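What follows is calculated from the coordinates using simple rules that are stated; it is not laboratory data. Note that this is a predicted model, so its numbers are computed, not measured. All Cβ positions, even for glycine, are placed from backbone atoms using ideal geometry, and neighbour counts span all protein chains on display.
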Number of protein chains: 2
Amino acid sequence: MDDRDLFLIGVIPGFTPQIGRLVSMMNYARYTTLSAVEGLEVDELDYLRDPQSNSIGAILSHIAASEVGYQAATFHARDLNEEERLEWGAALDLGERARREIRGHELDYYLRRMEEVRAKTLEELGRREDQWLEEHTSLGSGQRVNNYFKWFHVFGHELNHRGQIRWLRRHATART
Amino acid sequence: MDDRDLFLIGVIPGFTPQIGRLVSMMNYARYTTLSAVEGLEVDELDYLRDPQSNSIGAILSHIAASEVGYQAATFHARDLNEEERLEWGAALDLGERARREIRGHELDYYLRRMEEVRAKTLEELGRREDQWLEEHTSLGSGQRVNNYFKWFHVFGHELNHRGQIRWLRRHATART
């Protein structure tokens, strides 16, 4: 991503106009997540504010896992398969299992996984047309959800968790 | 807002196509903020997790204040005027002054203010064309920021703080 264009939501080479705007927003959200965790050490990434809390490392994994879920839903019209559940289940569910399993990694480990997932997303989005954003499925409640919403939700979810990360970071680093 | 269309990001009557998508995202972000604070009592809205923390009430005011700031910037090409600074300064800055000044209000007080601000935003956005979203200003760094980005930032900022609100709510309500 060209940093000069970080604050422009608009057309991006390689994407149709609407998808480009969506990707601009995803890029910016990711940029701020990366800034929020810059320089964190393993013990800060593992820090639990209290016994029910999630670590920053687990939240980073959760952000990537959620994106994997939406890839399956929107690009392949399916839920996560068994292999994906095995790899991403703890990160998706957070809580007890994530506290047990997701720890002890360097920042780079989390960033690399996020990047791999994002690369796949961009590759798939690059193959699609704006009209695809309007395609929708139905929720049990009968409400319709279009693909635009689903990808909006991915970066909205990331921004929501970034708020928690910033808060946790203040406490994790004040402690050390 | 029609709840049936909450999960569709797309065209909205009364807005040009791009602005409609932006408004869909703003609507959804707001809907989730309202869900996150539903039913909170004054002492929960005032709850301070620690002496450096912001209350949920202050964060709600901050969300509205930030929107007022972007109204001034994008609709009127100016900073907040003296009267607006007086009304929104504590909420904008958060911290010590917000902890002192923003407290003791019912949920409805915060929601009404957010709604008044939002009504003004929608009125102004409804008067504009998509092309307006592309208009940009420059940051000191020379980076360009377009109006699309600024309004994306308003709801992104709200989602970020909603993450903090959810976290604070779990603690504020567990306590009572």
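Ignoring lysines fewer than eight residues from B:Lys150 along the same chain, the ones with Cα atoms less than 25 angstrom from its Cα are A:Lys150, B:Lys120. Fraction of C-alpha pairs exceeding 21 angstrom in chain B: 51 percent, rounded to a whole number.
Just to confirm my numbers, what's the Cα centroid distance between region A:118-171 and region B:117-176 in Å? Result: 17 Å between the Cα centres. Taking only the C-alpha atoms of the protein assembly as shown, Rg followed by Dmax gives 20.1, 59 Å. For region A:3-48 and region B:74-102, what is the separation of their Cα centres, given in Å? Region A:3-48 and region B:74-102 have Cα centres spaced 28 Å from each other.
Length available on full extension from A:Asp130 to A:Asp43: 0.36 nm per residue minus the Cα-Cα distance, which gives 27.0 nm. A Förster distance of 35 Å, applied to the separation of the beta-carbon atoms of A:Glu96 and A:Thr137, puts the FRET efficiency at 0.65. Under 11 Å from a label point set 7 Å out along the Cα-to-Cβ vector of B:Lys120, the amide N atoms of region B:85-105 belong to B:85, B:87-88. Fewest-first ordering of B:Thr74, A:Thr121 by other beta carbons within 10 Å of each residue's beta carbon gives A:Thr121, B:Thr74.
Going from the residue with the fewest nearby Cβ atoms within 10 Å to the one with the most, B:Ser55, A:Ser141 rank A:Ser141, B:Ser55.
Grouping the Cα pair distances of region A:27-128 into 5 Å bins from zero gives a pair-distance distribution of 2, 12, 22, 23, 19, 12, 6, 2, 0 percent in increasing distance order. For region A:80-176, the extents of the C-alpha atoms along the principal axes are 50, 27, 27 Å, listed from largest to smallest. Taking 0.890 mPa s as the viscosity and 25 °C as the temperature, the Stokes-Einstein diffusion coefficient of region B:25-86 based on its alpha-carbon Kirkwood radius rounds to 182 µm²/s. Computed from phi, the 3J(HN,Hα) profile of region A:89-98 under the Karplus parametrisation 6.51, -1.76, 1.60 (θ = phi - 60°) reads x, 4, 5, 5, 7, 6, x, 3, 5, 5 Hz, with x in place of Gly and Pro.
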